[in-house]
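The values are calculated or read from the model by the stated rules, or taken from the named source; none is laboratory data. Keep in mind it's a predicted model, so treat the numbers as computed, not measured. All Cβ positions, even for glycine, are placed from backbone atoms using ideal geometry, and neighbour counts span all protein chains on display. For accessibility, only protein heavy atoms count, side chains too; no ligands or nucleic acids. Shrake-Rupley method; radii C 1.70, N 1.55, O 1.52, S 1.80 Å.
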Amino acid sequence: MDELTSVRDLLTEPEPSHEVIAAGRARLLAAADPFSGFSDSFEPSGPPAPGSPGDRMIRQARRGRRTAWWTALGVGLAGTAAAAALVVASSTAVHPPAPLTRLPVPDTSATARQVLLAAATAAAKAPTKGAYWVTRAISGSQRVEPGARYLIQQSRSTEMWLSRTRDRKSWRINQYLGAKPATPKDEAAWRKNGSPARWLFEDGALTGGYIPPDSRIESAPGEREASWLRGKWIGSAGHLTKGLITWAEVRAIPDTPEKLKAYLSERSGAYAAKWPGSRKEGEADPWVLQDCMEIITSLPVSPETRAAAYQLLASLPEMKSEGEVVDHLGRVGQAISYPVDTSTPQGENKVYGRNRLVIDVASGLPLSREMDALDRLADGRTYKVASFTAYEQIGWTNDPPDLPARRN
């Protein structure tokens with residue numbers, strides 16, 4: 001029995017239909033776009049009740065098989081063949097990331113805290129050795145086109161190959177996967193307005209990811225391109241609190257939730273002091289949650305530190321369980337959501353939305369992240385603008401990167 005089946009059985013939910021799985025695969029291949037028990041003392045509500053779904057999940061994670069972090073994201077319901085097809089499908093036009101498919105959830109479904117603590121237990125068993133720390137992801141984002149008449153979606157794939165020794169180069173491999181109208185309704189509006197193959201944003205844009213003024217979005221996909229990470233990236237292991245962090249600093253990140261919270265609060269305080277406009281008045285530790293997400297999805301921290309990040313998230317009251325879902329790659333996981341306010345400290349550009357983290361509880365692996373926000377079209381209609389990042393692979397490997405001919 002594989003891990004995904006184990007989690008489904010533990011939560012007493014039916015398997016997704018073949019149509020649901022096929023739809024997840026089809027979305028990806030058509031859309032192809034760009035991470036032993038613990039004490040419960042840190043958690044205010046105590047351990048889950050014996051025999052509850054959360055209790056069964058945690059016991060399963062503690063006794064479960066050691067899932068290979070490098071391969072687990074590419075397996076599951078989507079299958080290794082579908083994961084391999086991601087690279088092949090990169091020249092296909094983009095389709096919008098449909099909302100996560102929610103499976104029937106009984107009244108006894110696990111809470112967000114129970115899901116996150118179970119993921120923490122499993123994450124503590126992850127491998128710790130390899131020549132490269134690698135993350136491979138497909139991301140997609142929607143934005144209102146310059147005339148505010150319809151939505152377009154663009155996507156890309158990104159690979160990060162980070163070496164902790166200087167005798168090997170670190171690489172970033174990108175590929176732009178194209179853009180097109182987000183939905184059939186948007187396509188109709190696109191055709192009505194001349195079916196453009198590119199869009200010029202003379203004033204730039206914020207929603208859907210910042211782009212500077214006079215930027216163009218092209219509908220055609222680009223080539224796969226590798227960039228040798230040099231300069232400030234030499235000796236760096238990734239980002240935390242909006243800045244690069246060294247391998248030595250990563251090793252020093254605390255591995256208990258109490259100490260991790262204090263560490264991240266100190267980092268966010270230093271960031272706020274440097275950039276006063278980054279924190280709203282009266283807001284405490286605005287970066288703690290986001291930094292936990294960085295630790296879970298992208299940084300080469302110790303398994304204990306990643307587990308501590310899950311435990312810290314489990315203590316936050318804004319984390320809500322949305323039950324079992326099928327993500328954009330057709331994989332089954334547990335969705336945890338939390339609110340987002342993207343307005344400035346002065347209350348400008350106020351846009352509310354929800355972020356979702358989808359987790360494979362049996363391995364402690366993050367499967368994907370999704371964000372929904374609101375924007376307006378020229379006719380006054382309010383649109384939900386979606387973006388996602390689906391993680392194909394996260395972890396250590398001794399294999400070298402498959403570098404394309406185009407490099408810089």
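Quick notes
- Selection of region 109-146 for residues being among the β-branched types (Val, Ile, Thr), closer than 30 Å to SER195 by Cβ and surrounded by fewer than 24 Cβ atoms within 10 Å (Cβ to Cβ) yields only VAL144.
- Residues located in region 315-330, provided they are over 14 Å from ARG369 (Cβ atoms), open to solvent by 10 Å² or more (accessible area, probe 1.4 Å) and not in a strand (DSSP E or B): SER315, LEU316, PRO317, GLU318
- Of all residues in region 164-197, those satisfying the criterion of being hydroxyl-bearing (Ser, Thr, Tyr) and surrounded by fewer than 18 Cβ atoms within 10 Å (Cβ to Cβ) are THR165, THR183, SER195.
- Some residue of region 152-160 being under 19 Å from GLU218 (Cβ atoms), open to solvent by less than 10 Å² (accessible area, probe 1.4 Å), over 17 Å from the mean Cα position of the chain (by Cα) and modelled with pLDDT under 95: yes
- Boolean, TYR176 is within 26 Å of HIS328 (Cα to Cα), over 23 Å from the mean Cα position of the chain (by Cα) and hydroxyl-bearing (Ser, Thr, Tyr): no
- Unmet criterion (only one of (1) among the charged types (D, E, K, R); (2) touching a helix residue (DSSP H, G or I) at 6+ places or on another chain (Cβ under 9 Å); (3) buried (at least 16 other Cβ atoms within 10 Å of the Cβ)) for ARG149: (3)
- Any hit, region 214-228, residues being hydroxyl-bearing (Ser, Thr, Tyr), open to solvent by 60 Å² or more (accessible area, probe 1.4 Å) and modelled with pLDDT under 95: no
- Region 246-287, subset crowded, with 20+ Cβ neighbours inside 10 Å and aliphatic (A, V, I, L, M), residue modelled with the lowest pLDDT: LEU264
- The listed residue being outside any helix (DSSP H, G or I) and either of a type in the set (S, T, N, Q) or within 24 Å of the chain's Cα centre (by Cα) (or both), out of GLU249, GLU223: GLU223
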